[in-house]
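Before any comments, here is the structure.
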């Protein structure tokens, strides 16, 4: 017998009113979004996306019962029976009722996280070729970075010998505009900077954020400052950047970003590594979320995705439990009502996940840390 389990993640309780939708299974945030179609925002989810009122989300279908064409959908990133699509909330409401739509997932936005620097990874020895057949500096490889806050003109993204720009493509997913730049054809939103002239004209995606520059420089920087003392892990690699809209981007937008970078690598016939120094706490944390399974499917020979170790790696932010039988004593725990463990601001979400096909119940009690008599 398969053992039931429960996952508890995050900060405030997210209850998904899924019973009103007869066909598709909905992720908690999708169900809440559909229950708030009167134009008002739920406290935990932004329903309005960019200027076009569209959201990027995951949709899984049963091809024996329907097709993307029959549903009137154009997949962007497609793997097996799951695709990323762009829909308005109104269109999503209708899609949830269609025959053959198995699962719809709308996720929250992202937060940025940093990984370890070159010195702690032993990269210097790789650059020198110590105990290796040759030195490895990223030459002939594409390094993609999905983030926000890029300075395209930074010295780390130029060749030290001739000053040529090493950034080959940029996709800004937000609402920016630039004369001569249009959305990448396959993806249909944001703007693509696909020439050195457009990249230099744009200069960067943000005047106030530098996180992406920091991360991309660690991954592939070639700055000659202090004789290259601070070069990145792959200083000779070609670079492709995707700048997220941190206020609106979903996990599906990140999947699109990874696919965009791999598309370029396929175009030029080079191996590729994509770095994600960002994340959120959505999902069951067991590798079965739609983002996890699609990310796994994207990888293969010459295609790797690297995720940051995570700024929350030492925080008590997640608990799981396996019940041996229905007679087991219940799991009891406290969860702080906070956006993140490192954040003092209250709010956020708690997600509770169980094994598919297994019933379980959850009792919720609020406990005041200010006045312990206020527990309910």
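The values are calculated or read from the model by the stated rules, or taken from the named source; none is laboratory data. Bear in mind the structure is a predicted one, so any value in this text is a computation, not a measurement. Every residue, glycine among them, receives a Cβ derived from its backbone with ideal geometry; neighbour counts consider all protein chains shown.
Once region 340-375 is narrowed to residues that are touching a strand residue (DSSP E or B) at 6+ places or on another chain (Cβ under 8 Å), modelled with pLDDT under 75 and not in a strand (DSSP E or B), the residue that is surrounded by the fewest Cβ atoms within 10 Å (Cβ to Cβ) is 344. The set of residues in region 129-139 that are farther than 28 Å from residue 261 by Cα and either surrounded by 12 or more Cβ atoms within 10 Å (Cβ to Cβ) or outside the structural domain of residue 275 (by TED's automatic domain parsing) (or both) is empty.
Of the residues in region 250-264, not one is more than 21 Å from the chain's Cα centre (by Cα) and in the same structural domain as residue 152 (by TED's automatic domain parsing). As for region 76-90, it holds at least one residue that is out of contact with any helix residue (DSSP H, G or I) (no Cβ under 7 Å at 6 or more places or on another chain), modelled with pLDDT of 80 or more, more than 30 Å from residue 209 (Cβ to Cβ) and assigned to a loop (DSSP other than H, G, I, E, B).
When the criteria are applied in full, residue 142 meets the requirement of being at pLDDT 95 or above, closer than 28 Å to residue 76 by Cα and in the same structural domain as residue 275 (by TED's automatic domain parsing). When residues in region 263-300 are screened for being out of contact with any strand residue (DSSP E or B) (no Cβ under 6 Å at 6 or more places or on another chain), crowded, with 22+ Cβ neighbours inside 10 Å and more than 18 Å from residue 108 (Cβ to Cβ), 0 of them pass. Checked against (1) over 27 Å from residue 260 (Cα atoms); (2) surrounded by 13 or more Cβ atoms within 10 Å (Cβ to Cβ); (3) modelled with pLDDT of 50 or more, residue 64 passes all but a single condition, namely (2). When residue 304 is tested against (1) assigned to a loop (DSSP other than H, G, I, E, B); (2) surrounded by 10 or more Cβ atoms within 10 Å (Cβ to Cβ); (3) modelled with pLDDT of 85 or more, exactly one condition is not met: (1). Only a single criterion out of (1) under 21 Å from the mean Cα position of the chain (by Cα); (2) free of Cβ contacts under 8 Å to residues at least 12 places away in the same chain; (3) over 23 Å from residue 76 (Cα atoms) is not satisfied by residue 183, namely (3). Just the residues that are farther than 16 Å from residue 163 by Cα, surrounded by fewer than 18 Cβ atoms within 10 Å (Cβ to Cβ) and touching a strand residue (DSSP E or B) at 6+ places or on another chain (Cβ under 7 Å), please, taken from region 196-230. Hit for region 196-230 is 210, nothing else.
Within region 309-324, the set of residues being touching a residue at least 24 places away in the same chain (Cβ under 8 Å) and either touching a helix residue (DSSP H, G or I) at 6+ places or on another chain (Cβ under 7 Å) or assigned to a loop (DSSP other than H, G, I, E, B) (or both) comprises 309, 310, 311, 312, 315, 316, 317, 323, 324. Any residue that is modelled with pLDDT under 90 and assigned to a helix (DSSP H, G or I) - is there at least one of those in region 228-244? So far as region 228-244 goes, yes, one or more of its residues are modelled with pLDDT under 90 and assigned to a helix (DSSP H, G or I). Summed over region 328-339, residues that are assigned to a loop (DSSP other than H, G, I, E, B) and at pLDDT below 85 total 5.
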